[in-house]
Amino acid sequence: MKITENARAKQKKGAEFYGRFFMEKLIYAAPESAGRETGTIDHPFSSVTAVRDWIRAKRKKGKLTDRTVRVILRGGVYPVTEALELTEEDSDVIWCAAEGEEVVLEGGHILSAEQFVPIDPETAKYLKSKAARGAVLQCDLRAVGIDIETLSEKTEFFEGAERKTIARYPSHDFLRGPAGLHEQKDIPDVTGIVGSWHSVQGVVLQGYFPIDYWRHEAKVLSYDREKKTFELSSDELRTGSPFIFYNVFDELSEPGEYYIDRENGMLYVYPDEGFATERLVLSHTEGAVIRMTQAHDITWRGITVEGGRGKGIEGKGERLCVDGCTVQNVFECGVELIGCGHRIVNCEIRSIGASGTVVSGGDCRTLRPAEIVVDNNHIHHYSQRSGTYNAAVSCSNFIEAGFRISHNCIHDSIHNGIMVASGDTFVEYNEIYNVCTEANDAGAIYFGRWEIQNLVFRYNYIHDIYNRYGFGNPHAIYNDDGGSGKVAYGNVMLHIAGDGFAFGGGNNNVMYNNIMIDCGRPLSYDSRQYYGGWEHDWTEFPGGLDWRFLYNNKSYLSHSWVVRYARLGTMRCTGVENRESRFMAGAVGNAAYYGNVEVACKWNRNIEDPTAKFITCRDNHTYASVADVGFADYATGDLNLRPDSPVFADMPFFVAVPFDEIGLRH
């Protein structure tokens, strides 16, 4: 990176100020650096590994141990062909982009449009689309210096910040499992589509089977042309199950699609409008682009991380921070941090194969909270490869606690927006839309299980939640499997195909002061865990699954646990049947739904017998039309209530939702 003399003088002056005022050691890196590398602004290091190794060497000599090191990365692309490994000795370092400059830690191979040529005619003849035969381009990966032995099923092609589509059939919908299937691997090719391909090598069948809320894959192993059947690696495909075929060369038929012939090292692309101008990347780095292990006080600020076949950023330790970064184009999750005191803030996380972020931490023995914050992030277009149960934010350990998930904007995914499996957690001021677009039995915010206590969901705006293929009606806030000890207030739910609140049983759940508009039902509350319910065995004492999960908590029944989770202690530890007690584990004792606004929902509330007698449901108000409510400007999406809204007259106790404060701060 060339630097003008004027810019160099300003940066030197700024460096002197930083060093004196913050007691920091400044080190510079620039990807185009040449000659002597000392880490100064005039002689920066040329790679991030060189910076790391220099800091390690200095600290081994007893230097740089009394102050934080700030690494300033000049603009450009830094190749990361292997994970950048940081350990305890690399702690107390801030890695940041130079002000106003774009810094990319590139885990993939950068290609150029000039490296592609028209597809070979002998290969093009297998393409079923005539238009594709004249449009598809090919790139010989060996000719551009890529070792084809390193290619894997996780190798992907990206264009700018967008994951391109692996050639598939059908292009925009699902097929359905043919009639008469019963735990068999030989599947009738009733449409003849599989038999029309020149080969089934590498073809994968992906869909929702054997259940419709879990995405599953099976390899197509062979094709029998006499029987007109294809053999799968799994016997779980069922009649009516939705599925697609992908990684099918013959079906390369639309702009934006690609196919990798790993055996011969050829990349085939049907170019779209951005092909000639965007950065083209073939993913490479395994594991993670950045991996921090047993480290503390490391910050990444203002950089872009991309091109990995694993995670973008992975960290274990304490007080790790990812601030203002862009993480994109990775096969697994964007950012995963485990430990205590971590922060993922002000980031954009997009084009992610699995979860956007995964956080876990704290100490289940001492009940030390994780104190992890995921705040003010734009997380979208995630769960693109790994499928279901990969959320934008996942708190993934059932015995941990102490998280805040706030002010995030989350959208465009086949499954959950936020998935919480940890106690003592606040989920607040988030905007979530256009998620749960495929699987059934899903929720924009999803949680469950009664051993996970003290979850608060407040001031979230959840809207436009639907299954685009029609095999299920996802919910806004879904409490699965008897989840207990949850509180929800001040949430706004709009255009929800399923229910505003869908509760699969559970004790001590409270929902109040929420607004539900055009939902399936404002509330459904079932009795699955009560006597005779299909999930009652989970709560049978002492061997039920929920009891066993509770016993696994190493602090269970300690003094700290009893004080913090007193409500959970009210459930009776007995196998004696008692259908009149609200404190039985399978009952829904002390659940309450009150003071909520229900607007133009398709059906009435459904609180299922025989547990309805244990639920307090009162002081809710139903409006037939949005025109009756008094929103500030419903047509433009302003769902603040006007001061003269009838809601305040009909429900004097209703507290206005701070709608303008929901979502991203900037």
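The values are calculated or read from the model by the stated rules, or taken from the named source; none is laboratory data. Since this is a predicted model, take the numbers as computed values, not measurements. In this analysis, Cβ positions are derived from the backbone assuming ideal geometry, glycine residues included, and neighbour counts consider all displayed protein chains. Each accessible area value is taken on the protein alone, full model and side chains, heavy atoms only, with ligands, DNA and RNA left out. Shrake-Rupley method; radii C 1.70, N 1.55, O 1.52, S 1.80 Å.
What to note about this one:
- Residues with amide H under 5 Å from that of N620, placed H, sequence gap 5 or more: G595, N596
- In straight-distance terms, cross-link reach from K602 covers every one of the lysines whose alpha-carbon lies under 29 Å from its own, apart from those fewer than eight places away in the same chain; here that gives K486, K613.
- Per-peptide average of other Cβ atoms within 10 Å, ordering 200-209, 273-282, 578-587 highest first: 200-209, 578-587, 273-282
- The residues of the chain present an accessible area of 41 Å² per residue when probed at 1.4 Å with all protein chains retained.
- Residues with amide H under 5 Å from that of A488, placed H, sequence gap 5 or more: F457, V510, M511, Y512
- DSSP bridge orientation in the chain - percent antiparallel, rounded to nearest 5: 25 percent
- At full extension, W534 and L664 could sit 42.7 nm farther apart than now, given 0.36 nm per residue minus the alpha carbon distance.
- Once C-alpha pairs closer than 8 Å and six or more residues apart are averaged by separation and normalised to the residue number of segment 276-329, the relative contact order reads 41 percent.
- Rounded to whole numbers, the Karplus 3J(HN,Hα) couplings from phi for segment 589-600 are x, 6, 7, 9, 9, 8, x, 9, 9, 10, 10, 6 Hz, using 6.51 cos²θ - 1.76 cosθ + 1.60 with θ = phi - 60°, and x at Gly and Pro.
- Segment 24-92 - charge dipole about Cα centre, Lys and Arg +1 at Cβ, Asp and Glu -1, debye rounded to 20: 340 debye
- Segment 59-192 has equivalent-ellipsoid semi-axes of 46, 23, 15 Å, by the square roots of 5 times the alpha carbon gyration tensor eigenvalues, sorted largest first.
- Residues of segment 238-254 with amide N under 20 Å of a point placed 7 Å along Cα→Cβ from H182: 238-241
- If the segment from E217 to E99 were pulled out straight at 0.36 nm per residue, it would be longer than the present Cα-Cα gap by 38.0 nm.
- Segment 96-162: relative contact order in percent, alpha carbon pairs under 8 Å with at least 6 residues between: 25 percent
- A simple spin-label model places the labels of K63 and I110 3.1 nm from each other, with each point 7 Å out along Cα-to-Cβ.
- Given charges at Cβ of Lys, Arg, Asp, Glu: the chain dipole, positive-most of G62, T293, Y258: G62
- Our coupling estimate for segment 618-634, obtained by passing each phi through the Karplus curve with A = 6.51, B = -1.76, C = 1.60 and θ = phi - 60°, is 7, 6, 9, 10, 10, 10, 6, 9, 5, 5, 7, 8, x, 6, 4, 7, 4 Hz, Gly and Pro reported as x.
- Theoretical gain in end-to-end length, D464 to Y126 [0.36 nm per residue, Cα-Cα removed]: 117.6 nm
- Accessible surface of the chain [probe 1.4 Å, protein heavy atoms]: carbon and sulfur percent: 49 percent
- Segment 214-220 - phi-based ³J(HN,Hα) in whole Hz, Karplus 6.51/-1.76/1.60, Gly and Pro as x: 9, 7, 10, 10, 8, 7, 8
- Over 39 Å [Cα-Cα, the chain], rounded percent: 41 percent
- Per-selection Rg to Rh, segment 491-564 - Cα, Kirkwood hydrodynamic radius: 1.11
- 20 °C / 1.002 mPa s Stokes-Einstein diffusion coefficient of segment 361-501, Kirkwood radius on C-alpha pairs, µm²/s: 146 µm²/s
- Excluding same-chain neighbours fewer than eight residues apart, the lysines reachable from K164 by a Cα-Cα span under 26 Å are K125, K128, K130, K154, K219, K311.
- When you restrict to C-alpha pairs under 8 Å that are six or more residues apart and normalise by the size of the chain, the relative contact order lands at 8 percent.
- Only the Cβ atoms of Lys and Arg (+1) and of Asp and Glu (-1) were treated as charged; on that basis the dipole of the chain about its Cα centre amounts to roughly 1720 debye.
- With bins 5 Å wide beginning at 0, the percent of Cα pairs of segment 179-285 falling in each bin runs 2, 11, 18, 20, 16, 13, 10, 6, 2, 1.
- Considering only N460, I445, H415, the residue lying farthest towards the positive end of the dipole of segment 402-488 is N460, judged by Cα position with unit charges set on Cβ.
- Computed helical MRE - 222 nm, the chain, DSSP H runs ≥ 4 contributing -39500 (n - 2.57), nearest 500: -2500 deg cm²/dmol
- Rounded Å value of the spacing that divides the Cα centres of segment 418-455 and segment 123-142: 44 Å
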